[in-house]
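The values are calculated or read from the model by the stated rules, or taken from the named source; none is laboratory data. What you see is a predicted model, and the numbers here were worked out from it, not measured in a lab. Reconstructed Cβ throughout: ideal geometry from the backbone, glycine too, with neighbour counts over all protein chains shown. Only protein heavy atoms, including side chains, enter the accessible area calculation; ligands, DNA and RNA are left aside. Shrake-Rupley method; radii C 1.70, N 1.55, O 1.52, S 1.80 Å.
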Amino acid sequence: MDLSLTEPQELLRASARSFIEREAPRHAIVAAQRGDAGLAPALWRKAAELGWPGILVPGEYGGSESTLTDAAVLFEELGRGPVPGPFFSSGVLGALTVLEAADPDQRRAILPRVARGEVILTVAITEPNASWGPQGVTLAARRAGDRYRLDGVKLHVADATVATHLVVAARTGEGPDDLGLLLVDAATPGVRVRALPGFLSSQCEVVLDGVEVPAADLLGGRERQGWAALERALVRAWPVLCSFMVGGCQAVFEMSVAHSQQRVQFGVPIGKFQRVQDHVIRLVNHLDAARWTTAEALWKLDTGRPAVDAVHLAKAVSSEGYLEACNAAHEVHAGQGSLTEYGLVAHTQMSRTLFPYLGDPRWHKRRMVDALGW
């Protein structure tokens, strides 16, 4: 198993890091998370010129047709910010969902605009007071002639405030997996979006009040195959999200090491103290666990090997690792780490957001066991 980066991947990493340092410095990310500045729209336009929203879109639809590992290289750099914006929700999960669920005509209509950044997708799955998974989707798509009517609420929809279109998972049958995926224009009457308050990053509530959707916008035209298609997309999307979290872990590790070398107490750098070293070692352990489980999942997917168990392991380990890495970093930094301007809080907030996003670690560990047949 060769996990070294190719020369094009090294070039992608270097160019992405340079771009992010220039266009999304720490103070801009902090301001965006506070809601004081609209970083995402300006950054999105520039990133679209580089082709980032289409990194996983096939070439026939105007994308880069890159490998998952290529995308992971980019997303690790985005995670170092952590850079906000619909990079994952539209360019990865949204694009892969359309690829897996839509028919050829729908793909030709949607994916070229996604690759150019003109259409911003987000996938709306979870609902209030419901668990993650198909059994948690209760929103019904009621057929009336050539249209579907949607009434309900979706929670924790990433980047919905900037999305132009929503891919809404809705129940279309009595079976546990009988779901359809409807493409809903965010400007449709009855669609209301608000950012969720609290210690969250880019998570939204979407209210669907009597929203009418043309039957032609049911992806693939299949009422009961939505979850199967969505799950295929998720298996490929989760490791890219994990790479974002690996980048976050790497960033807080570097911040912590630098602080332990520069901060002096009792006449010596605090990195000389065993307890501070313990926290840094704990951080490294979580970083390495997230990095190598993610790398294995990506390698298996890109080489066509069975990968479901590795993907679920990577998501469980990376979600826990990012959260615990931030905890350890705060122990190293003490009070300074709680200053919003410093930048560590942005990672702490992101780690809490991504911990349950698209399935929490406990759910993924159960699915890993299922995949292994234990």
Exactly one of R305, R291 is surrounded by 21 or more Cβ atoms within 10 Å (Cβ to Cβ) and basic (K, R), and that residue is R291
Among L358, L301, the single one that is touching a residue at least 60 places away in the same chain (Cβ under 8 Å), closer than 22 Å to V73 by Cβ and not in a helix (DSSP H, G or I) is L358
Just one listed residue, out of V137, V193, V167, is buried (at least 17 other Cβ atoms within 10 Å of the Cβ), touching a residue at least 24 places away in the same chain (Cβ under 8 Å), farther than 30 Å from R367 by Cα and not acidic (D, E), and it is V193
Discussion item. I'd like to know if the stretch 269-277 contains one or more residues that are open to solvent by 20 Å² or more (accessible area, probe 1.4 Å), aromatic (F, W, Y) and either in contact with a strand residue (DSSP E or B) (Cβ under 6 Å, 6 or more places away or on another chain) or assigned to a helix (DSSP H, G or I) (or both).
Written reply: no
- Task: Could you tell me whether the stretch 62-74 includes any residue that is within 15 Å of R116 (Cβ to Cβ), modelled with pLDDT of 95 or more, open to solvent by 20 Å² or more (accessible area, probe 1.4 Å) and acidic (D, E)?
- Result: no
Taking the stretch 309-343 and keeping only residues that are modelled with pLDDT of 95 or more and of a type in the set (A, V, I, L, M, F, W, C), one is left with A310, V311, L313, A314, A316, V317, L323, A325, C326, A328, A329, V332
Reported set for the stretch 308-343 where residues are charged (D, E, K, R) and open to solvent by 10 Å² or more (accessible area, probe 1.4 Å) is D309, E320, E324, E331, E341
Check: Among the residues of the stretch 79-88, is any open to solvent by 10 Å² or more (accessible area, probe 1.4 Å), aliphatic (A, V, I, L, M) and either assigned to a helix (DSSP H, G or I) or under 24 Å from G248 (Cβ atoms) (or both)?
Finding: no
